[in-house]
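Asks: Let me begin by handing over the structure; questions about it come next.
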Amino acid sequence: MENSGAEAREGAKTDAEGDADGDALGSVSGASPGEGAGSDMAPARDTRPDPLSERGQDPDEIALLEEDDQDEDDESEGWGEAARADRVRELPLPEAVSEALANALTALRNTVTDLHFGLDLPGAEEARRAQSEILAQLDDYVIPRIHMSTAPALVVIAGSTGAGKSTLLNTLANAKVSATGVRRPTTGTPVLACHPDDYEWFAEGDLLGSLRRREAPAPKAEPGSLVLVSTERLPTGVALLDTPDIDSVVEEHHEIAHRMLDAADLWIFVTTAARYADAPAWRLLRLAKERGARLAIVLSRVPTKSRDVITKHFVRMLTEYGLGEVERFVVNESKVTDGMLPDHEVTDLRMWLTELSVDDQRRAQAVQATLSGALDSFRVRIPALARQLEAQVVFRSELRSDVDTAYATALTEIEEATRNGALLHGEVLARWQDFAGSGDLMRTLHLRRPGRFAGKAGQQAPERLSALKSALRAGLESVIVSAAQRAAEETVTRWLHRSGAGESLAATAGLGHVSDELSRRTGKAVGGWQEHIIELIRTEGVTKRAVARLVSFDVESLALIFAVGLFGYGSAEAESTGGLPQRLVHALLGAESLRTIGAKARSDLRARIATLFDDETSRYIRALDGAGIPDESIATRLYQATYNLEVAR
């Protein structure tokens, strides 16, 4: 590794004595023997103020650090067990931020948990993944770190396949704690190594609390687990976390690696001389910048002969990318023995970790900077979720509009068919002509003076009347069911033309046809409507007194004749076949009663058909609900939760 000579050693000594100047991570860089202080890989100490330090150290935070120091003193005086338990327990937040920030984060977490992206719209899969990442970061890092601000710093070692992450961890730990080898991917389960004094922090604390702890790697990677080991060789206050490859061929490893990155206080990015220009490396570096994470870079497997050329080019790339001031270390190409490098190759990286360990204030500043970066990232990540929610809500509205449009069109078609004489065809027309031409029409009305033909036989309706009633009912049912079938087909067609989610919803069984119960319910509705017409004629009565004195008529028969006339009203074709019923009911009921009864009859028929269609459309609504499409207000609640977090900060 590169170093900055005696100046770096002196800087380390000064830092160990409590000097808190400069960057929160210091600026120790290693070097191989013979490298001068002016090496490209050994930038001068960054003396710019830390973004968080500009606000000043919170008195409560200083008090917490002093209490932690006192705990260590107590342990040396025989209070070890009690002090250790206190360290693992959740520590109170500073008064100014505790309740408001905790409440805001809890509210944000609850809101994000309630999100559903049921429609496979463009970006939906990314939104689901982002939701999972945000929840994991809140649970594994943000909320625990706020409550346990004095916990050891968690440093994640990340990089691409074969970069030597596990080898680096083993070397720093001076033990083979993480598997190495030529088989890729090697690391499937994250490995966390720490000093024995810090073991309980990670064994019992909430950092990465959702992962099951294991003492040794399992033969086969176990999702949701974490191998936890301790070693005296690592300094206290700093723990190292080895992760799966960020570009592993195993998809699950990608998710684990990014989850570990989201739960870390600092990142050590490891790449090689052969692969430092690869896209995965720079995607990870870009992610570090976006999250505001504190970062150090290790360039490993650097051939001695081409060391200067490679390091200069790498530094130039970092500088152009805005990462020129990031801590950098170089590991020469060396022989790996038992999963470890020669110890002198990591001397300067070990010193950097030690400096971080002994300076509590600088370590706390580094932790706070990364935590602040994580919270800052929510300003972009949460609104992105809200926008996808809004897209889902809009798309649901469009799908619902397709249903409403199709069935509204069907209802209009039915109304037209019941006005223009379309029903007076086929069976219905034949039955009406047979009924009207045989003389049963007048006999059924019982055109007579009061008191004549009062016998039972005179009250019985002819068979032709029953046949006409059945044909009229069947014709109306057929019109309704056919219109409903067209509406079902139209809805599915519209959904199929909506890419993504519409296609999957349209594939729901039965949506392209009327429901099994529609025919039965339609028959019942039409029968009820015919009874309603009878009741209307009975209650409206005969308005022309002269006719009332001369004519006694059967209400059911008149209601049927009225329906025939109603269906042919205004039609030129119906005028030749249906003029008689129109003139007859007009003469018997009068123009005013005819208009009133006709309007009420049509209104009632429309209401009954609308009820039938409501039942039909409910199938599509259930399909939409089953897809998990969010409520319209959820995006607003998400924006509000984000705003409340900003206020609490």
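Asks: Past the 24 Å Cα-Cα mark, which pairs from Lys176/Lys305; Lys176/Lys312; Lys165/Lys335?
Replies: Exceeds cut-off: Lys176/Lys305; Lys176/Lys312.
Asks: Continuing with the same structure: Can you put Val302, Val309 in order of accessible area, largest first, using a 1.4 Å probe?
Replies: Val309, Val302
Asks: If you don't mind, another one. Roughly how many Å² of His116 are accessible to a 1.4 Å probe, to the nearest 10?
Replies: 110
Asks: Also: Kindly state, to the nearest 0.05, the FRET efficiency for Arg286 paired with Ser372, given R0 = 22 Å and r defined as their beta-carbon distance.
Replies: 0.70
Asks: Using the beta-carbon distance between Ala277 and Thr409 and R0 = 45 Å, what value does 1/(1 + (r/R0)^6) give for FRET efficiency, to the nearest 0.05?
Replies: Between Ala277 and Thr409 the formula returns 0.15.
Asks: Continuing with this model, one more query. What distance in nm separates the two pseudo spin-label positions at Ser397 and Asp139, each 7 Å out from Cα along the beta-carbon direction?
Replies: Here the answer is 3.3 nm between the modelled labels.
Asks: Here is a further query. Just grab the label-to-label distance for Glu200 and His513, each label 7 Å out from Cα along the Cβ direction, in nm (one decimal).
Replies: About 6.9 nm, to one decimal.
Asks: Rounded to the nearest 0.05, what FRET efficiency do Ser466 and Ser603 give with R0 = 30 Å and r taken as the Cβ-Cβ distance? Could you check?
Replies: Taking R0 as 30 Å, the efficiency between Ser466 and Ser603 is 0.65.
The values are calculated or read from the model by the stated rules, or taken from the named source; none is laboratory data. For clarity, every value in this text was computed on a predicted model and none was experimentally measured. A quick note on method: Cβ atoms are made from the backbone with ideal geometry, for glycine too, and the neighbour counts reach across all protein chains shown. Side chains included, ligands, DNA and RNA excluded: accessible areas come from the protein's heavy atoms. Shrake-Rupley method; radii C 1.70, N 1.55, O 1.52, S 1.80 Å.
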